[in-house]
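*Asks:* I have a structure I would like to understand better, so I am pasting it below and will then ask my questions one at a time.
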Amino acid sequence: MSQFKKFTLLSFVFLFAISCSDETTFFDQEAEEAFKEKIDQNSVSVTDLTELNSVLNFDEAGVVDLVTSTASTNGKFFSTAKGNELAGDYPLTLVATLDAPRPNFDGFDNLAATHVAINGDVAYVTYNTAGLGYAGAMYIIDIADPQNPVVLSGILYYADLNSVVYNEGHAYVVGGFDAGESLTNAFIGKIPVAGNTIDFNNITYGIQDGFNVPDVAIQNDKVIVGSGTNGLLIAYDKATMTKLYDTPVTDIRSLSVKDNTIAVLDASSGVKFMDPDFNLVNEIAISSDFGVDEKRTITHFGENVLVAEGSNGAGVYNAATGAFIEHLPILLDPDGIEAVNKVTNAVSVNEDVVFMANGGAGLALFKGTGSTADPYGVIDLAGSINYVASKGDYLFAAAGLGGFKVIKMNKPSPELEERCAVSPSYNGRNRLTVNIGEDLSYSGSRSLRELTINGSLLLCGSWTVRDGIEIGTNALFELSGSMTVARNSRRQDVTVGEGATFRVEDGNLTIWGDLILEDNASLEFIGTNTVTVHGSVIQSSSATISGDFDDTEGSF
C-alpha cells in the first residue's frame, strides 16, 4: 500500500537535471516564509480533549493471538492449528486502536497512518492522504498507563506527513504540500512539543526541490532528510534548520542512522552507506523490485541491516561487507491472499525480535539473535499491515483501514524476573490444567489459551490467557506479576469456585469479562496491586475480598 506520493513525468526530467550537477540549489528566505505562511493558514491545532481522544478505539483491546508457523519441505509457511499448542513466548495485548482523525472539514476524509516516533511512554504518530490530494496529521499519545492511553495533542495539516522523528523536545516531520505548479512541494517541519503539547506558533520549516519527502533521521547536530522525489540527501543544522549540504541519490525510500554511518535505501540500486559528510563508504547492490509509489524501510540489526524488499520479504545483509545473509520469508496467515498483497513494507527490531509488516499477509514475528532470525508466527490483527515500529515494551502497527495498533509486549521487569527465579520456567501446552492434588509453580513470560486449576498453582511473571480461568472447588491460584484475560470483542470470565482462593501479590490483573466469586470463595491481595475488570464483579454473600488494590474501573 502506498505511503507517500511519488513524482510525475515532469519530475523525472527534473531529477535527471539535478543528478548530473554538483551544484546545490537552496531556496531563499522569502520563498521559505511564503511556504510557511501557506501551511500555517491551512493547518489546525487540535486541543479539545474530547475530539482528540475520539480517535481511540478499544473494540479489540485485550489479549492478541499469535499464530505460530511451521516450515514445510518446500520452504513455504503455513499456520498451525489453533489448538493445544505449546504456550506462546509473547504475551501480547492490544492497548488500543488509533483510528484516523476524521474532522469535519474538507481534505481529511482519507487519512492513513504512516509513521511513529517513540520517546519513552509517548508516541508521535503521523498521517498522510492515500492517493491524490495532500492532507495529514500528527497526534501525540501518552501510553504510560496501558489501561488508559490518552491523546495529548494534535495538529491537522493540509500537507502529507510521511515520517517523524523525536529529538530533544521537538518532533521533526517531513512530507509534501500542494504548492500548485511549483517544484518546491517537499518540506520538513521542526515542531516544538514542550510538555507533549504542540507549540503551533513556533514551528520552523525548510523546503527543497520535489513533491514529497519520505523519511527523516537525526545524526548528532544535524537533521538528515531523504527526498525520494528529487533524489537529494540533505543535511540541515538541527538548531537553526538552515541547509548545510546535499548529495544526489536517485530514489530514496528510507534512512537509518547508526553512530557515524547513514544507511540510505535507494530503490534504484540498493543500500548506500555514507559518512556524516555524505561520502560514499560502502554499497549493497539489491535487485529486488521496490515498486513505484511505495515506501520501504531499512533498519539496523546488530552488525546487519534489514531491508523491506516487497515480495522478496526482508533482506538481511552484513553492514560492513555488504554480504547477503538471507531473506526472511513472508509468513502467511491466512493462506490464499493475492500475491500483490504479500509484500514486506517495513521491518522493525526490538532486542532479539524482528517484526515484518507484510501487507495482506499480516504482521510477522521472527525471533533470534546474532546474524539470523527464525520464523515464529503471525500476530492476529485486522487490516493490511503497512508499517511497524517497536521500542521498549511497545509495538506499533499501521493496519490500513484497520487503524493504528498500539500493542504492549508485556516484558517482565528485571525485578520481576529476579522474584520469579525460584520457580521453574513453564514450557508446557497453552491449555494449562492443574489436577486435584497437584501443587505446581511456574515462572515465565507466556501466552496461554485456557487455565483450569483444581489443585494448587503459582504463576510468577507476565501472562496472558486467551479464554477464561476456572479455579475449581477448594483450589488455590496464586499470581505474582501481570496477567490479562480475554479481549473486549471476545469476553471471558474468571471464576473462583466454591471454597477456592485467588491470591494476587504485587500484581497487575486485567479481565475482559466478569470476575465471579462463588460461595466461600476468597480473593486476597498482598502488597501493591492494580485490578481492571471490564465487566462485573459477581460476589456471593459468603465470598470475601481482602487486601489493598487499585480498582481502576470501579467494578468492586
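*Asks:* Could you sort 356-365, 262-271, 317-326 so that the peptide with the highest average Cβ count within 10 Å comes first and the rest follow in order? It would help to have the intermediate numbers written out before the result.
*Replies:* On the way: 356-365: 26.7, 262-271: 21.7, 317-326: 14.9.
Order by mean packing, descending: 356-365, 262-271, 317-326.
*Asks:* Please compute the volume of the convex hull spanned by the alpha-carbon atoms of the range 236-311 and report it per residue in Å³.
*Replies:* Values: hull volume 8.2 nm³, N = 76.
Expressed per residue, the convex hull around the Cα atoms of the range 236-311 is 107 Å³.
*Asks:* Take the alpha carbon atoms of the range 202-270, find their center, do the same for the range 366-406, and report the distance between the two centers in whole angstrom.
*Replies:* When both Cα centres are located, 26 Å separates them.
*Asks:* Placing unit charges on C-beta atoms (Lys and Arg positive, Asp and Glu negative, everything else neutral), compute the dipole magnitude of the chain about its Cα centre in debye, rounded to 20.
*Replies:* Working: 32 positive and 72 negative charges, 211 e Å.
It works out to roughly 1020 debye.
*Asks:* So what's the Cα pair-distance distribution over the range 101-221, bin width 10 Å, in %?
*Replies:* 14, 45, 33, 7, 1
*Asks:* Something else now. Against the empirical 2.2 N^0.38 Å scaling, what ratio does the C-alpha Rg of the range 94-146 come to? Show your work: numbers first, answer last.
*Replies:* Values: Rg = 12.3 Å, N = 53, 2.2 N^0.38 = 9.9 Å.
Ratio of Cα Rg to 2.2 N^0.38 Å: 1.23.
*Asks:* Find which of VAL249, GLY322, ALA263 sits farthest along the positive direction of the dipole of the range 236-355, computed with +1 on the beta-carbon of Lys and Arg, -1 on that of Asp and Glu, about the Cα centre.
*Replies:* About the Cα centre, the residue reaching furthest to the positive side is VAL249.
*Asks:* Would you grab the residues whose amide H sits under 5 Å from the one on ILE511? Only those 5+ places off in sequence or on another chain, please, with H modelled 1.01 Å from N.
*Replies:* Amide H to amide H, under 5 Å and 5 or more residues apart or across chains, ILE511 pairs with VAL485, THR532, VAL533, HIS534.
*Asks:* What list do you get for TYR139, TYR376 if you sort them by fewest beta carbons within 10 Å? Each step should come with its number before you reach the end.
*Replies:* Numbers: TYR139 25, TYR376 21.
Result, fewest neighbours first: TYR376, TYR139.
*Asks:* A follow-up question, please. Using the Cα centre as the reference, give the magnitude of the dipole from point charges on the C-beta atoms of the range 414-551 (Lys, Arg: +1; Asp, Glu: -1; all else neutral), rounded to the nearest 20 debye.
*Replies:* On the way: 10 positive and 20 negative charges, 142 e Å.
Around 680 debye, computed over the range 414-551.
*Asks:* Follow-up. In Å and on Cα atoms, what radius of gyration and Dmax does the range 414-551 show?
*Replies:* Spelled out, the Cα radius of gyration and Dmax of the range 414-551 are 13.7, 40 Å.
*Asks:* Just order 451-457, 434-440 by mean Cβ neighbour count inside 10 Å, highest at the front, would you? All intermediate terms of the calculation are to be shown ahead of the outcome.
*Replies:* On the way: 451-457: 20.4, 434-440: 13.0.
For the peptides 451-457, 434-440, the packing ranking is 451-457, 434-440.
*Asks:* Arrange the peptides 423-431, 217-225 so that the one whose residues have, on average, the most other Cβ atoms within 10 Å appears first. Display every interim value, and only then the final one.
*Replies:* Values: 423-431: 15.4, 217-225: 18.8.
So the order, starting with the most tightly packed, is 217-225, 423-431.
*Asks:* On to the next question. Using θ = phi - 60° and the Karplus form 6.51 cos²θ - 1.76 cosθ + 1.60, what ³J(HN,Hα) does each residue of the range 205-222 get, whole Hz, x for Gly and Pro?
*Replies:* For the range 205-222, the Karplus-derived couplings read 10, x, 10, 8, 4, x, 9, 6, 10, x, 8, 8, 8, 10, 9, 6, 9, 10 Hz, x marking Gly and Pro.
*Asks:* Output the antiparallel fraction of DSSP beta bridges having both residues in the chain, as a percent to the nearest 5. Before the final figure, lay out each step's value.
*Replies:* Details: 136 of 197 bridges.
Here the antiparallel bridges make up roughly 70 percent for the chain.
*Asks:* So who's got an amide H within less than 5 Å of the one on GLN539, skipping anything under 5 residues away but keeping other chains? H placed 1.01 Å off N, in plane.
*Replies:* LEU517
*Asks:* Residues of the range 216-251 with backbone nitrogen within less than 17 Å of a virtual label 7 Å along the Cα-to-Cβ line of ASP199, please, listed as ranges.
*Replies:* It comes to 238-242, nothing else.
*Asks:* Residue-wise, which Karplus ³J(HN,Hα) couplings in Hz belong to the range 379-385, taking 6.51 cos²θ - 1.76 cosθ + 1.60, θ = phi - 60°, and x for glycine or proline?
*Replies:* Result, ordered by residue: 7, 7, 10, 7, x, 8, 8 Hz.
*Asks:* Looking at the P(r) of the chain, how many percent of alpha-carbon pairs lie beyond 32 Å?
*Replies:* Numbers: 73343 of 154290 pairs.
Roughly 48 percent, once rounded to a whole number.
*Asks:* Hey, what do the phi angles of the range 460-471 turn into as Karplus ³J(HN,Hα) couplings, whole Hz, using 6.51/-1.76/1.60 and θ = phi - 60°, x for Gly and Pro?
*Replies:* Those phi angles translate into 10, x, 10, 9, 10, 10, 5, 9, x, 10, 10, 9 Hz.
*Asks:* A follow-up question, please. How big is the charge dipole of the range 281-371 about its Cα centre, in debye rounded to the nearest 20, if each Lys and Arg gets +1 on its Cβ and each Asp and Glu gets -1 on its Cβ?
*Replies:* Working: 4 positive and 12 negative charges, 17 e Å.
Its charge dipole is roughly 80 debye.
*Asks:* Okay, next question. Helix-only estimate, please: 222 nm mean residue ellipticity of the chain, summing -39500 (n - 2.57) across DSSP H runs of length 4 or more and dividing by its residues, to the nearest 500. Write down the numbers at each step before the final one.
*Replies:* Working: 4 runs with 36 residues, N = 556.
After summing the helix terms and dividing by the residues of the chain, the value is -2000 deg cm²/dmol.
*Asks:* With the contact rule set at Cα under 8 Å and sequence spacing of 6 or more, what percent relative contact order holds for the range 414-551? Display every interim value, and only then the final one.
*Replies:* Details: 422 pairs, mean separation 21.4, N = 138.
Value for the range 414-551: 16 percent.
Bear in mind that the values in this text are calculations on the coordinates, not laboratory data. Keep in mind that what you see is a predicted model, and the values were worked out from it rather than measured. Virtual Cβ from ideal backbone geometry, glycine too; neighbours counted across all protein chains shown.
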